[in-house]
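Engineer: Input: one structure, supplied below.
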Amino acid sequence: MKFALKKLAILLITAIVASLFGFLFEHLIPGNPAIAILGPQANPHNIKVLTDRLGLNKPLVDQYFIWLKNMFTGHMGQAYSNGVPVRSLIAQNYAETVELIIGSQIIALIVAIPIAFRAALKPNKLFDRLTTLVSFSFYSFPPFVVGPILVLIFAVKAGILPASGYVGLSQSIPNNLKDMALPMLTLALGSFALYSQILRAELVSILKQDFILLAKSKGLGKYKIILKHGFRLSSLSLVTISGLQIGTLITGAFVVEYIFQLPGLGTLIVDSINSKDYLVIQAVSVLVVVAVALVNTAVDISYAFLDPRIRK
Amino acid sequence: MNLTFSDSNTVVKASKRQSNKLGIFFWICVLWIVIVILLALFAPLLPLNNPNKTFVCQPLSGPSGSHLLGCDDLGRDILSRIIFGARVSMFVGIVSIAIGLIIGGFFGLISGYNNKKLDTLLNSIANIIISFPTLILLLAIVAIFNHSLIVITLSISFISIPLLFRVIRSATISVSNKDFVQAAKIMGSSKIRILFVEILPNITPIIFVYGCLGIGSAIIAEGTLAFLGLSVSLPTPSWGNMIAEGAQTYLKRDFLLTLWPSLMIIFTVICFNFISQRFESKFNSTEGAI
Amino acid sequence: MIKTSTDTLSVKNLSVTFKTNRGLLKAVDNVSFDIKKGSVLGIVGESGSGKTVLSRTLIRLLPETNLMIKGDIDLFGIKVTDLKARKLKNIYGHVASIIFQDPLTALNPVMKVKKQLAETLKTNPNIPKKQIKEEVNELLQSVGIPDPRTKANSYPHQLSGGQRQRVMIASAIANSPQLLIADEPTTALDVTIQLQILKLLKSLQEQNDMTLILITHDLGVVEYVCDYVGVMYAGTIVEFGPTKEIIKNPLMPYTRALIDSTPSIHRPKSEKLKPIERMIPDPFNLPKGCRFAPRCRYAQPRCLIESPKLTTGSGSANHSYACFYPLKELFFAPQDTDLNDWTQISEID
């Protein structure tokens with residue numbers, strides 16, 4: 001309980017810092033925030049209305065609380081480039097990003113777990129060395145290099161998967177998955193490299209422990225030992241790592257969206273930077289920072305449930 | 001895209017095989033990086049076509065004797081664009097990490113050595129900055145200011161500061177607990193002397209290990225921004241924007257446009273990572289021998 | 001499941017060699033002994049004498065990569081050395097079991113006690129699934145754990161050291177094995193708990209007519225529990241026989257030295273404890289001749305050149321030793337021979 005409370009306190013602090021970051025973002029933009037938000041061609045009347053609404057003439061502390069209230073009530077303003085409320089822009093775009101992340105993690109885990117097992121059972125043998133080398137290289141490949149290579153192989157040369165296009169998950173599941181296959185694969189590669197190496201290292205050290213030998217001496221089969229005793233414990237470090245890299249993963253997804261021109265939060269934020277749509281940039285950034293903090297807290301707390309030694 | 005040293009270092013650790021020898025691949029990597037740096041430095045002096053000049057050759061014509069890597073869609077010489085692109089990557093990578101090491105290293109040293117209150121404060125600040133996703137910070141900075149080479153370099157160095165701070169801080173803590181430092185303290189050496197004469201030389205291997213790792217990450221960070229069109233503006237070549245140009249339009253017709261800059265970035269980053277890894281395991285194994 | 005057919009555990013010319021980066025390491029060298037079902041055998045020796053490797057090899061528990069096993073092990077009629085690796089699990093738990101030194105590392109830290117015990121019971125097809133919960137409680141009760149229902153629901157770290165060791169014993173005897181190997185079962189425990197655990201092992205052994213092999217470095221423990229004892233030195237058995245006889249009348253100087261250095265053993269109050277001088281030999285660079293000779297107070301030139309075989313000599317038929325000059329024959333033992341001279345001779349040689 002104490003542990004969970006401590007983690008929640010950290011979450012609260014992070015959320016406050018994130019909100020300050022988002023709030024200050026407006027003010028760091030050179031010039032009047034109202035002009036920045038409304039765009040260079042805004043008419044003086046609108047600027048005055050917005051200045052009043054944001055309380056830009058009031059002290060900074062008051063402005064912060066007005067901003068915070070607006071964020072919480074979903075009054076994030078509207079994109080000046082097309083007049084669409086920021087809230088609905090995010091609502092339209094988040095699903096694809098979430099799907100991309102979840103899909104990539106499923107792929108990464110499905111491939112990484114058996115490979116890690118195989119490698120850990122015979123450490124330093126050919127298979128282990130080979131997969132370590134491959135993982136090490138994959139980890140050095142950024143998505144913007146991997147993406148085009150995968151498109152070249154699977155779309156251009158083999159012609160199996162589409163290189164672009166997007167059908168919503170609600171419209172057609174098979175078509176959606178077909179369109180999302182390459183993006184998910186691109187994002188999965190880095191995670192795969194990380195997971196397989198972490199899991200392998202963890203398994204190698206666990207398999208050396210006495211309780212594995214005891215399990216063997218109980219007459220349990222090899223696979224039962226590995227699954228019940230080895231995997232359970234090594235999955236703990238997997239959970240920690242997946243929590244730690246969630247930020248990298250979300251931003252990685254943004255890049256992948258941009259590569260495949262998918263309508264997600266990443267494409268939204270890049271387009272907004274190009275059109276200087278500050279409110280959208282601000283909203284997406286704050287959303288990501290808060291999401292990362294939330295996931296980290298969830299991982300920390302769930303970790304306590306998975307590892308009885310931490311509880312108490 | 002990531003600049004999270006902790007993550008990549010776990011992979012390095014996991015795959016580490018301790019050995020005292022640096023090995024042939026280490027020297028190949030060093031050679032590659034020296035070549036890339038020299039090419040970048042002396043690019044204007046080399047007998048190359050102007051990288052921005054269009055139609056110096058047939059657009060999308062493949063490699064030939066006069067244009068070793070072929071030509072892009074606007075008839076620009078790819079070899080010269082790649083070499084001039086190296087200037088961007090290398091400048092951002094080396095300069096940003098150098099700044100990060102100077103600032104992060106300075107604070108890491110004084111924070112790790114004997115200053116409880118300051119240490120707690122600096123460490124908390126570093127942890128808060130680190131908890132923000134790297135790319136989000138970069139995008140925000142680029143959105144507020146602009147995407148010139150200087151802004152990109154400074155923003156990447158800003159992100160590297162807390163990460164390098166953390167590494168150097170913990171190295172300082174472990175070194176300052178060693179006997180020879182305690183002995184120097186008892187003998188009445190000044191704090192500054194202890195920091196720079198006793199501690200700093202002992203953490204240089206760590207600075208080197210994480211410096212190399214950091215340069216690799218910084219190159220990828222710049223490449224990512226360039227790929228998103230948020231680094232140096234076109235037509236100035238950078239590896240990232242060359243990949244973007246090639247991949248978005250010409251992958252089907254001529255994938256070499258994408259391949260060359262991709263290979264450059266992959267080789268360079270792998271080399272930096274590999275040098276870092278070899279150096280770390282050599283450092284660890286020699287330390288173990290003492 | 002494999003059935004046992006005889007009532008002798010017989011080990012013949014057993015050698016275990018590891019392939020390491022430094023070369024071959026012979027951890028167990030040409031070891032032979034027989035014991036009857038239902039008896040208690042102690043294997044004593046310093047760390048590095050090969051006793052743990054020997055005990056684990058008896059049931060082939062060591063990972064068999066980079067490992068060579070020579071010789072025969074006949075476990076109550078089961079030729080363990082001939083078994084295929086995948087058949088081994090059929091003897092574990094039901095024919096033979098093992099408990100380890102440190103119960104904290106030998107129990108899975110993230111699994112509840114009841115699950116770890118149930119897992120063992122489930123390998124027995126004769127126990128219906130419904131009964132497993134009840135069996136777990138009975139098992140815990142039989143190893144003397146108070147309030148088994150609550151303890152069954154605990155994780156290992158929530159138990160005391162003694163309770164953890166009891167849980168491990170429970171897991172080992174769950175399927176009533178005929179052989180139980182206990183590898184330093186009390187070393188990691190408090191002195192007060194040690195005796196309780198030894199008593200428990202002894203009573204379980206008597207109740208179930210189980211054969212017990214106790215690995216220890218403490219002759220006091222052996223004296224307390226074992227019918228027979230085998231003394232190991234540098235991979236070989238140097239003396240083997242009934243415990244009482246060996247403790248009263250050791251023939252091999254190493255056994256004598258062990259007895260003299262054991263605080264817990266019964267001896268006249270006037271006698272002082274004597275540590276054994278020098279270190280055990282480097283297993284990669286074993287001395288020529290008798291392996292104990294360089295440390296032996298009674299060593300003669302012959303000991304440094306020839307290696308003695310395990311024989312019964314002139315004594316009783318079940319007491320064997322490996323020594324050219326067994327202690328009772330040595331009336332005029334040179335008390336403080338300068339050993340360096342002997343070592344030089346062997347080096348020149």
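The values are calculated or read from the model by the stated rules, or taken from the named source; none is laboratory data. Bear in mind that the values here come from a model prediction, so they are computed numbers and not experimental data. Counting neighbours? That spans all protein chains shown, and the Cβs are built from the backbone with ideal geometry, glycine included. Areas reflect the complete protein model, heavy atoms only, side chains present, ligands, DNA and RNA absent. Shrake-Rupley method; radii C 1.70, N 1.55, O 1.52, S 1.80 Å.
Engineer: Identify the trypsin sites (Lys or Arg not before Pro) of the range B:27-81 meeting these criteria: DSSP loop state and at most 15 other C-beta atoms within 10 Å of the C-beta.
Structural biologist: Loop-located and lightly packed - B:Lys53.
Engineer: Separate question: Using the structure shown, select from A:Lys6/A:Lys69; C:Lys36/C:Lys87; A:Lys122/C:Lys12; C:Lys37/C:Lys133 the pairs with a Cα to Cα distance greater than 29 angstrom.
Structural biologist: Beyond 29 Å between Cα atoms: A:Lys122/C:Lys12; C:Lys37/C:Lys133.
Engineer: Work out Dmax and Rg for chain C from the C-alpha atoms and quote the Rg first, both in angstrom.
Structural biologist: So, for chain C, Rg and Dmax equal 21.5, 72 Å respectively.
Engineer: Can I ask one more? Going by the alpha-carbon gyration tensor, a ≥ b ≥ c the square roots of its eigenvalues, is chain A rounded (a/c under 1.5) or, if a/c is not under 1.5, prolate (a/b greater than b/c) versus oblate?
Structural biologist: On the way: a/c = 3.09, a/b = 1.66, b/c = 1.86.
Oblate, since a/c reaches 1.5 and b/c is not below a/b.
Engineer: Another question about this same structure. Would you report the distance distribution of C-alpha pairs in the range C:108-247 as whole percents per 5 angstrom bin, up to the bin with the largest distance?
Structural biologist: With a bin width of 5 Å, the distribution comes to 2, 9, 19, 19, 19, 13, 8, 6, 4, 1, 0.
Engineer: Roughly how many percent of the accessible protein surface of the range A:88-273 is carbon and sulfur, given a 1.4 Å probe and a whole-percent answer?
Structural biologist: Summing carbon and sulfur atoms, their accessible area is 68 percent of the total for the range A:88-273.
Engineer: Take the alpha carbon atoms of the protein assembly as shown, find their radius of gyration, then divide it by 2.2 N^0.38 Å using N residues; give the quotient.
Structural biologist: Numbers: Rg = 35.4 Å, N = 951, 2.2 N^0.38 = 29.8 Å.
This ratio for the protein assembly as shown stands at 1.19.
Engineer: How do the peptides A:267-274, C:235-242 rank, highest first, by the average count of neighbouring beta carbon atoms within 10 Å per residue?
Structural biologist: Highest-to-lowest ranking by the protection proxy: C:235-242, A:267-274.
Engineer: Something else about it: Please name which of A:Val111, C:Gln101, B:Gly75 has its Cα lying farthest along the dipole of the protein assembly as shown towards the positive end, using unit charges on Cβ (Lys, Arg +1; Asp, Glu -1) and the Cα centre as origin.
Structural biologist: C:Gln101
Engineer: OK, next. Please compute the contact order of chain C in relative form: average sequence separation of alpha-carbon pairs under 8 Å and at least six residues apart, divided by the residue count, as a percent.
Structural biologist: It comes to 18 percent, rounded to a whole number.
Engineer: Moving on. Just to confirm the number: angle between the C-alpha axis of helix C:161-173 and the first principal axis of chain C, 0 to 90 degrees, nearest 10?
Structural biologist: The answer is roughly 80 degrees.
Engineer: Give the A-C buried accessible area in Å², both sides summed, 1.4 Å probe, nearest 100.
Structural biologist: Buried: approximately 2300 Å² between C and A.
Engineer: Principal axis lengths of the range B:64-149 from Cα atoms, whole Å, largest first?
Structural biologist: 64, 27, 18
Engineer: How crowded by other chains is A:131-141, given as the mean number of beta carbons from other chains within 10 Å of each beta carbon?
Structural biologist: 5
Engineer: In terms of solvent-accessible area of protein heavy atoms at a 1.4 angstrom probe, what is the ranking of A:Leu8, A:Leu207, highest value first?
Structural biologist: Details: A:Leu8 85, A:Leu207 45 Å².
Greatest to least solvent exposure: A:Leu8, A:Leu207.
Engineer: Tell me what the protein assembly as shown gives for mean residue ellipticity at 222 nm when only DSSP H runs of n ≥ 4 count, each as -39,500 (n - 2.57), the sum divided by the residue total, rounded to 500 deg cm²/dmol.
Structural biologist: -18000 deg cm²/dmol
Engineer: Under a point spin-label approximation (7 Å from Cα along Cα-to-Cβ), what is the A:Val134-C:Lys309 distance to one decimal in nm?
Structural biologist: Using points 7 Å along Cα→Cβ, the separation is 5.6 nm.
Engineer: Each label point is 7 Å from the Cα along the Cα-to-Cβ direction; what then is the distance between the points at A:Leu24 and C:Ser160, in nm?
Structural biologist: 5.6 nm
Engineer: Summing both sides, how much accessible area is buried between B and A? Use a 1.4 Å probe and give Å² to the nearest 100.
Structural biologist: Separately minus together, B and A give about 4300 Å² buried.
Engineer: Continuing with this model, one more query. Among DSSP beta bridges lying fully in the protein assembly as shown, give the percent that are antiparallel, nearest 5. If you can, show how the numbers build up before the last one.
Structural biologist: On the way: 31 of 50 bridges.
Looking only at bridges with both residues in the protein assembly as shown, the antiparallel portion is about 60 percent.
Engineer: Next question, about the same structure. Please report the net charge: other residues with Cβ closer than 15 Å to the Cβ of B:Leu122, K and R +1, D and E -1. It would help to have the intermediate numbers written out before the result.
Structural biologist: Details: positive: B:Lys116, B:Lys117, B:Arg166, B:Arg169; negative: B:Asp119.
Taking every Cβ under 15 Å from that of B:Leu122, the sum is +3.
Engineer: Here's something else I'd like to know. Around C:Met68, with a cut-off of 13 angstrom between Cβ atoms, what is the net charge of the other residues, counting Lys and Arg +1 and Asp and Glu -1? Please list the in-between numbers first.
Structural biologist: Values: positive: C:Lys19, C:Lys26, C:Arg60, C:Lys70; negative: C:Asp29, C:Glu64.
Once all neighbours under 13 Å are counted, the net charge is +2.
Engineer: Return the ratio Rg/(2.2 N^0.38 Å) for the range B:90-239, where Rg is computed over Cα atoms only.
Structural biologist: 1.19
Engineer: So what's chain B giving for Rg/Rh, alpha carbon basis, Kirkwood Rh from the mean inverse pair distance?
Structural biologist: 1.04
Engineer: Which of B:Phe279, B:Phe208, B:Phe42 moves most in a GNM of chain B, Cα contacts under 10 Å?
Structural biologist: Result: B:Phe42 has the largest fluctuation of those listed.
Engineer: Here's something else I'd like to know. Between the range B:182-251 and the range A:248-284, what's the alpha-carbon centroid distance in Å?
Structural biologist: For the range B:182-251 versus the range A:248-284, the Cα centre distance is 25 Å.
Engineer: Measuring with a 1.4 Å probe in the full set of protein chains, what accessible area per residue, in whole Å², belongs to the range A:88-273?
Structural biologist: On the way: 7120 Å² over 186 residues.
Accessible surface, normalised per residue, equals 38 Å².
Engineer: Let me ask something else about it. With every protein chain left in place and a probe of 1.4 Å, what is the accessible surface of C:Thr311, to the nearest 10 Å²?
Structural biologist: 60 Å²
Engineer: While we're looking at this one, here's another question. With every protein chain left in place and a probe of 1.4 Å, what is the accessible surface of C:Met111, to the nearest 10 Å²?
Structural biologist: Using a 1.4 Å probe on the heavy atoms, I get roughly 10 Å².
Engineer: Rounding to the nearest 10 and keeping the result within 0 to 90°, find how far the Cα-based axis of helix B:200-227 lies from the longest principal axis of chain B.
Structural biologist: For B:200-227 against chain B, the angle is about 30 degrees.
Engineer: Across all directions of projection, what mean area in square nanometres is found for the Cα convex hull of the range A:88-273?
Structural biologist: Here the figure is 12.4 nm², rounded to one decimal.
Engineer: Next question. Go through A:Ala253, A:Ala193, A:Val98 and say which Cα lies farthest out towards the positive end of the charge dipole of the range A:88-273; charges sit on Cβ, +1 for Lys and Arg, -1 for Asp and Glu.
Structural biologist: About the Cα centre, the residue reaching furthest to the positive side is A:Ala193.
Engineer: Where the only charges are on Cβ atoms (+1 Lys, Arg; -1 Asp, Glu), what is the dipole of the range C:14-84 about its Cα centre, to the nearest 20 debye?
Structural biologist: 160 debye
Engineer: Another question, then. Mind checking which of A:Ser140, A:Ser104, A:Ser285 has the largest fluctuation in a GNM of chain A, springs on alpha carbons under 10 Å?
Structural biologist: A:Ser140
Engineer: Could you tell me what percent of the accessible area of the range B:35-92 is made up of carbon and sulfur, with a 1.4 Å probe and every protein chain present?
Structural biologist: Roughly 67 percent of what the probe reaches on the range B:35-92 is carbon or sulfur.
Engineer: Once the Cα atoms of the range A:243-303 are picked out, what are the Rg and Dmax in Å?
Structural biologist: 12.9, 42
Engineer: Right, here's the next one. Which three extents, in angstrom, do the Cα atoms of the range A:156-210 have along their principal axes, listed largest first?
Structural biologist: Cα spread of the range A:156-210 along its principal axes, largest to smallest: 53, 29, 14 Å.
Engineer: Measuring with a 1.4 Å probe in the full set of protein chains, what accessible area per residue, in whole Å², belongs to the range C:1-123?
Structural biologist: 41 Å²
Engineer: Can I ask one more? Over all residues in A:17-28, what is the mean tally of Cβ atoms on other chains that come within 10 Å of each residue's Cβ?
Structural biologist: Going residue by residue through A:17-28 and averaging, the value is 2.
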